[in-house]
């Protein structure tokens, strides 16, 4: 006859419920991961639309109002200037390059003679068609800045487009970056290839003020004093 020893009830080790809960939690996490992993990333996260900066002019994001394609002539001229290694972004509002940057260690042009301002003008006269500008539009550009970067490693020459002799205030800007040897490294801006205007300036500044005064019952007697920072003073 064999004796069998049994532990008293109070001495038995209870089954750890915590381990059962952890195991159940891990199983649920694994199931949740399997479910999420099966969803395509585009369905899980929808990125908000940003500005159209595609390097390929054929890729247009309609959500950003991108409407205008670059002309064949512009693309051909830009390819001749920049080659295949340059980084190019497009402004699809106007169908023109937003930025053209030479590959690392390269430049877009050879060295130009003269000052950076003269070199930038020569560049634009030679390659305006690569930016969507006719020769008359290049001539109408007004220089607004000529800034040497610290250490004189490069100079930024800035221009603004004019329409009927009047400078644009938003957009219509262009900057040419040249290295210390007057070689063009990059171009950036927001250029419209259409310089036509709607209507004409029928009123002088004085006429406009007098008409404004008439509309509120004021009889303005004006005498022009001059101009300061682009503003006419009376």
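Here, each number is a calculation from the coordinates, and none is a lab measurement. Since the structure is predicted, the reported quantities are computational estimates derived from the model, not experimental observations. Cβ sites come from the backbone with ideal geometry, for glycine too, and all protein chains shown count toward neighbours.
Numbers at a glance
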item	result
Gain in span if fully extended, residue 72 to residue 143, counting 0.36 nm per residue against the direct Cα distance	22.7 nm
Fewest-first ranking of 231, 94, using other Cβ atoms within 10 Å as the exposure measure	231, 94
Surface/4 of the Cα convex hull for the range 76-162, nm²	6.3
Residue order, fewest to most surrounding Cβ atoms within 10 angstrom, among 234, 163, 123	234, 163, 123
In nm, spacing of pseudo-spin labels at residue 134 and residue 205 (7 Å Cα→C-beta vector)	3.0
